[in-house]
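I have a structure here, written as structure tokens, and I will follow up with some questions on it.
The values are calculated or read from the model by the stated rules, or taken from the named source; none is laboratory data. All values derive from a computational prediction rather than experimental measurement. Because the Cβ atoms are built from the backbone with ideal geometry, glycine has one as well, and the counts that use them run over all protein chains shown.
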RNA sequence: GGGAAAUUAGCUCAGUUGGUUCAGAGCACCUGCCUUACAAGCAGGGGGUCACAGGUUCGAAUCCUGUAUUUCCCA
């Protein structure tokens with residue numbers, strides 16, 4: 001059968017992925033083996049695969065596949081997140097295109113639409129992961145709104161409520177007027193924008209023409225003012241103490257209060273206080289018991305408190321009120337001003353601070369063990385620089401607002417039986433609620449008297465249970481699976497969600513299982529384009545991962561994405577990296593073609609082949625040690641690079657060339673067999689990174705028994721490393737490179753055989769001579785006592801090598817080269833001798849360093865002598 | 001404004017407790033090769049005042065101080 005000259009990934013990928021699936025290799029059940037567990041960071045259920053997912057999931061697959069080869073019971077749990085804000089936004093948008101408004105639907109109707117959408121689009125991303133080769137246990141695929149998962153979310157809410165960790169409170173929250181929901185501090189992006197500072201004057205009450213001037217960036221909130229605040233130490237305003245002021249346009253009289261909070265330097269030193277629309281003002285309002293006047297509707301338009309501006313958007317009002325203030329003589333001046341404005345991460349709408357009744361988790365106590373676990377190393381971060389960021393946040397953790405004004409998600413299990421702030425109970429079902437109402441208020445109510453809270457829980461309030469609830473650790477405490485798989489081993493995620501997700505999983509782990517949820521956290525970077533911009537849909541700078549896979553093969557893309565992606569660093573991605581990956585798979589493919597084409601004969605093994613085998617054995621073991629170490633340190637891309645070079649440079653460029661029989665010559669069976677074994681070992685190392693081609697060649701290189709698949713083959717074991725062989729080869733390598741250089745410099749074709757004469761001045765190892773002969777294409781390698789005249793020459797380790805001239809030679813160039821080498825060596829010698837003559841060096845440096853300097857000195861002296869002699873002869 | 005980290009070849013990064021004339025890899029680049037495994041290749045080669053300025057040391061990319069620039073986190 002003809003084997004194609006280039007590797008064709010598409011067919012192999014389909015074939016092997018379904019083969020692995022049919023064999024159930026990805027599936028895990030608890031057994032006696034050590035468990036190795038990874039839970040996937042659940043992508044949004046309606047999400048589409050982007051480059052960030054590619055990076056993240058390739059790393060996970062590498063770790064999982066290697067663990068499998070190390071004999072562990074590897075379990076990679078996939079699933080999706082309901083992502084309440086993002087998904088609801090998509091459903092709302094889709095309905096809008098059909099002419100349906102969310103406000104026209106009941107909650108039940110809307111959820112029906114949402115589930116239809118989820119069933120249609122949900123899980124696309126998981127199918128895409130299969131194309132990448134991800135070896136997830138698909139039988140365990142989960143979803144944060146699955147019934148049992150949801151139950152655990154509600155259980156946790158009730159449990160924390162009972163423990164007094166969940167409370168309901170009026171708080172200033174970040175309000176997204178577009179999504180109509182509160183968002184957490186972490187979901188607000190602060191950006192600097194150019195705006196205006198408006199100077200507005202307020203009349204002092206009871207005066208004829210006494211005014212005070214405030215500065216504000218948001219003049220529309222004047223309508224919500226309930227005080228003017230000045231610093232009691234501000235000498236400029238002593239006359240205002242105890243007075244009142246009149247709000248322009250609204251014509252309300254408000255007190256002038258004194259507080260040191262006011263920055264005398266900023267603006268005019270007079271601060272308008274709007275408790276409903278600014279966090280700091282809210283605090284002042286509480287302190288001075290001020291009236292709270294909310295002027296905004298939830299959608300960002302003004303309400304009745306906005307007087308004649310009612311129904312208009314806040315930005316529109318800002319312009320209009322500027323004009324009105326000016327026309328009526330209240331506007332003193334405006335200035336350009338740069339300030340930071342919060343934008344919603346999801347909708348990019350300007351966030352409004354808004355007072356509302358929300359549900360909170362108090363975090364301080366919960367966070368303590370989670371902070372300790374990372375600081376004392378029970379949980380390792382890779383790279384560990386992220387520990388600092390983590391500590392900073394955890395030490396200053398704020399309470400977590402967990403209610404969201406949405407329908408898509410887990411509905412808060414609170415039931416209201418009245419309108420009072422405290423007229424509610426928290427219960428799993430309405431029946432339980434009825435009983436609790438009786439207990440709490442002594443009221444006998446029926447189901448229809450109770451009204452469940454309209455809000456749903458923050459998505460992270462369900463995903464923080466992911467490593468526990470994917471094994472039903474809360475609904476079926478102590479079950480076999482949670483005992484076996486938990487704590488999980490490695491978590492691979494982005495540093496952006498360290499607080500949203502990682503920290504909270506650790507908190508939940510301690511609170512509910514008394515244990516860490518994972519041992520290692522590997523932080524990936526952000527995938528950027530060549531210009532350093534973050535890849536995003538709106539910029540259109542992100543390649544379609546599926547197209548990449550079709551073009552370069554999944555293995556090629558996996559290599560491309562990992563080849564330059566150290567942990568925690570951003571990955572500047574360019575498709576040329578996939579090309580490199582694709583080229584690598586092709587190289588391996590051709591190595592296989594070469595071996596496969598050899599005709600085996602029962603002949604004697606050439607000496608050079610025996611030496612080559614000895615060397616590669618040593619090289620392999622040495623590199624494997626390094627690779628294992630790199631894996632232990634989570635230096636994934638370095639491990640890949642080591643494998644890449646071991647395969648390409650050491651195996652293909654050196655080893656295969658050393659054992660390659662002449663054209664149409666057979667190979668001896670011993671060498672062929674050993675070579676196949678080497679190749680198989682290399683394929684094993686490649687398997688985590690390039691699983692498809694590894695499996696493909698694994699089955700082509702040899703007949704395999706049922707179940708003898710590389711995905712389950714044992715990871716190679718390190719054997720002792722023969723350092724002597726490695727050193728001797730290095731010497732031979734240098735000789736060979738020198739021979740090649742002479743060929744190139746003199747335009748001697750590779751097929752032209754040459755003679756090599758060696759004047760041995762030093763005791764050297766001759767064991768690789770057969771290899772030198774073969775690789776140098778020499779007719780003979782002869783040892784001589786005297787220099788060989790009319791030759792190209794070079795020196796390795798004080799030994800002189802001569803290749804007699806063919807027809808022509810550039811004597812001048814040859815001499816110049818030698819002179820240059822001599823100069824360099826002399827300079828080198830000088831620096832060494834200077835060091836050796838330095839008494840302080842001799843006194844301070846360790847013996848080993850001194851010894852190595854002495855050796856360098858004698859080597860240099862030798863070399864100089866030879867060079868000078870040769871130069872003298874060339875005249 | 002407060003905190004953290006970074007700055008080594010054109011690009012992306014290594015560089016272990018200071019010790020081979022001021023240093024490595026991959027890609028890119030240059031030169032020569034269609035040498036029957038692979039031109040998605042082979043062979044060879046060039047390229048760095050290790051951000052800047054001081055200091056400690058016999059010796060600094062590595063330790064200390066300051067400056068500049070960048071990134072991230074928090075307000």
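How many residues does the range A:363-383 contain that are out of contact with any helix residue (DSSP H, G or I) (no Cβ under 9 Å at 6 or more places or on another chain) and farther than 18 Å from residue A:520 by Cα?
Looking only at that region, the number is 2.
If residue A:566 satisfies every condition in (1) surrounded by fewer than 19 Cβ atoms within 10 Å (Cβ to Cβ); (2) more than 30 Å from residue A:781 (Cα to Cα); (3) in contact (Cβ under 8 Å) with a residue 60 or more places away in the chain; (4) touching a strand residue (DSSP E or B) at 6+ places or on another chain (Cβ under 8 Å) but one, which is the exception?
(4)
Related question: Looking at the range A:570-588, which of its residues are in a helix (DSSP H, G or I), more than 7 Å from RNA strand B (Cβ to nearest atom), surrounded by fewer than 20 Cβ atoms within 10 Å (Cβ to Cβ) and touching a residue at least 40 places away in the same chain (Cβ under 8 Å)?
none
To keep it simple, each residue is scored yes or no on (1) within 23 Å of residue A:240 (Cβ to Cβ); (2) surrounded by fewer than 16 Cβ atoms within 10 Å (Cβ to Cβ).
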{"site": "A:291", "(1), (2)": "yes, yes"}
{"site": "A:295", "(1), (2)": "no, no"}
{"site": "A:299", "(1), (2)": "no, yes"}
{"site": "A:304", "(1), (2)": "no, yes"}
{"site": "A:314", "(1), (2)": "no, no"}
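Among the residues of the range A:253-267, is any surrounded by fewer than 16 Cβ atoms within 10 Å (Cβ to Cβ), at pLDDT 85 or above and within 24 Å of residue A:308 (Cα to Cα)?
The answer is yes; a qualifying residue exists.
Looking for whichever is at pLDDT 90 or above and either more than 16 Å from RNA strand B (Cβ to nearest atom) or assigned to a loop (DSSP other than H, G, I, E, B) (or both) here; the options are A:510, A:522. Which one fits? Explain how you work it out, then say what you get.
Numbers: A:522 fails: either more than 16 Å from RNA strand B (Cβ to nearest atom) or assigned to a loop (DSSP other than H, G, I, E, B) (or both).
Answer to the selection: A:510.
Please find, within the range A:327-348, the residue that is farthest from RNA strand B (Cβ to nearest atom) out of those that are outside any strand (DSSP E or B) and surrounded by 14 or more Cβ atoms within 10 Å (Cβ to Cβ).
Residues of the range A:327-348 that are outside any strand (DSSP E or B), as a first pass: A:327-330, A:345-348.
Among the residues that remain, those that are also surrounded by 14 or more Cβ atoms within 10 Å (Cβ to Cβ) are: A:330, A:345-347.
Working: A:330: 30, A:345: 11, A:346: 16, A:347: 18 Å.
Residue satisfying both the conditions and the ranking: A:330.
So, residue A:591, is that one within 9 Å of RNA strand B (Cβ to nearest atom), in contact (Cβ under 8 Å) with a residue 12 or more places away in the chain and closer than 21 Å to residue A:678 by Cα or not?
Working: within 9 Å of RNA strand B (Cβ to nearest atom): yes; in contact (Cβ under 8 Å) with a residue 12 or more places away in the chain: yes; closer than 21 Å to residue A:678 by Cα: yes.
Yes: the conditions hold for residue A:591.
Looking at the range A:46-64, can you tell me whether even one residue there is more than 26 Å from residue A:631 (Cα to Cα), surrounded by fewer than 19 Cβ atoms within 10 Å (Cβ to Cβ) and more than 16 Å from RNA strand B (Cβ to nearest atom)? Before the answer, list the steps.
Residues of the range A:46-64 more than 26 Å from residue A:631 (Cα to Cα): A:46-49.
Subset that is surrounded by fewer than 19 Cβ atoms within 10 Å (Cβ to Cβ): A:48.
Still in the list and also more than 16 Å from RNA strand B (Cβ to nearest atom): A:48.
Checked against the condition, which is being more than 26 Å from residue A:631 (Cα to Cα), surrounded by fewer than 19 Cβ atoms within 10 Å (Cβ to Cβ) and more than 16 Å from RNA strand B (Cβ to nearest atom), the range A:46-64 yields at least one hit.
Residue A:298 - would you say it is out of contact with any helix residue (DSSP H, G or I) (no Cβ under 7 Å at 6 or more places or on another chain) and more than 26 Å from residue A:406 (Cβ to Cβ)? So that I can check it myself, show each step before the final result.
Working: out of contact with any helix residue (DSSP H, G or I) (no Cβ under 7 Å at 6 or more places or on another chain): yes; more than 26 Å from residue A:406 (Cβ to Cβ): no.
No, not satisfied.
Strands (runs of 3 or more DSSP E) wholly in the range A:172-274 with at least 2 residues that are over 30 Å from residue A:87 (Cα atoms), under 49 Å from the mean Cα position of the chain (by Cα) and in contact (Cβ under 8 Å) with a residue 12 or more places away in the chain - which ones?
Details: elements: A:181-183, A:188-204, A:211-216, A:227-230, A:244-246, A:253-258, A:270-273.
Output list reads A:188-204, A:211-216, A:227-230, A:270-273.
Taking the range A:711-725 as the search range and keeping residues that are part of a helix (DSSP H, G or I) and farther than 17 Å from residue A:608 by Cβ, which one is farthest from the chain's Cα centre (by Cα)?
The residue in question is A:724.
Also: Scan the range A:824-851 residue by residue and report those that are more than 7 Å from RNA strand B (Cβ to nearest atom) and surrounded by fewer than 12 Cβ atoms within 10 Å (Cβ to Cβ).
A:834, A:837, A:839, A:843, A:847, A:848, A:851
Touching a strand residue (DSSP E or B) at 6+ places or on another chain (Cβ under 9 Å) and at positive phi: is that true of residue A:267 in this structure?
Details: touching a strand residue (DSSP E or B) at 6+ places or on another chain (Cβ under 9 Å): yes; at positive phi: yes.
Answer is yes for this residue.
Residue A:316: in contact with a strand residue (DSSP E or B) (Cβ under 9 Å, 6 or more places away or on another chain), under 30 Å from residue A:291 (Cβ atoms) and not in a strand (DSSP E or B), yes or no? Outline the logic, then answer.
Details: in contact with a strand residue (DSSP E or B) (Cβ under 9 Å, 6 or more places away or on another chain): yes; under 30 Å from residue A:291 (Cβ atoms): yes; not in a strand (DSSP E or B): yes.
Answer is yes for this residue.
Just the residues that are in a helix (DSSP H, G or I), crowded, with 18+ Cβ neighbours inside 10 Å and within 20 Å of the chain's Cα centre (by Cα), please, taken from the range A:355-398.
Correct list: A:374, A:386, A:390.
Still on this model: Any idea which of A:477, A:467 is out of contact with any helix residue (DSSP H, G or I) (no Cβ under 7 Å at 6 or more places or on another chain) and at pLDDT 95 or above?
Working: A:467 fails: out of contact with any helix residue (DSSP H, G or I) (no Cβ under 7 Å at 6 or more places or on another chain).
Testing whether each residue is out of contact with any helix residue (DSSP H, G or I) (no Cβ under 7 Å at 6 or more places or on another chain) and at pLDDT 95 or above leaves just A:477.
Name every residue in the range A:422-460 that is in a loop (DSSP other than H, G, I, E, B) and within 30 Å of residue A:85 (Cα to Cα), in order of residue number.
As a first pass, look at the range A:422-460 and keep what is in a loop (DSSP other than H, G, I, E, B): A:422-423, A:427-429, A:442-446, A:450, A:453-455, A:458-459.
Within the range A:422-460, A:422, A:423, A:427, A:428, A:429, A:450, A:453, A:454, A:455, A:458, A:459 qualify.
Regarding residue A:664, is this residue within 10 Å of RNA strand B (Cβ to nearest atom) and touching a residue at least 40 places away in the same chain (Cβ under 8 Å)? Give the derivation first.
Working: within 10 Å of RNA strand B (Cβ to nearest atom): yes; touching a residue at least 40 places away in the same chain (Cβ under 8 Å): no.
So residue A:664 does not fit the description; no.
Right, here's the next one. Being touching a helix residue (DSSP H, G or I) at 6+ places or on another chain (Cβ under 6 Å) and farther than 22 Å from residue A:359 by Cβ is the requirement here; does residue A:494 meet it?
When the stated conditions are applied, residue A:494 does not pass them.
Checking residue A:770 against (1) modelled with pLDDT of 85 or more; (2) within 16 Å of RNA strand B (Cβ to nearest atom); (3) out of contact with any strand residue (DSSP E or B) (no Cβ under 8 Å at 6 or more places or on another chain): exactly one of these is not met. Which one?
(2)
Shifting gears a bit: I'm trying to understand the selection: among the residues of the range A:629-650, which are part of a helix (DSSP H, G or I), crowded, with 16+ Cβ neighbours inside 10 Å and either free of Cβ contacts under 8 Å to residues at least 60 places away in the same chain or more than 9 Å from RNA strand B (Cβ to nearest atom) (or both)?
A:630, A:631, A:636, A:639, A:640, A:642, A:643, A:646, A:647, A:650, listed by residue number.
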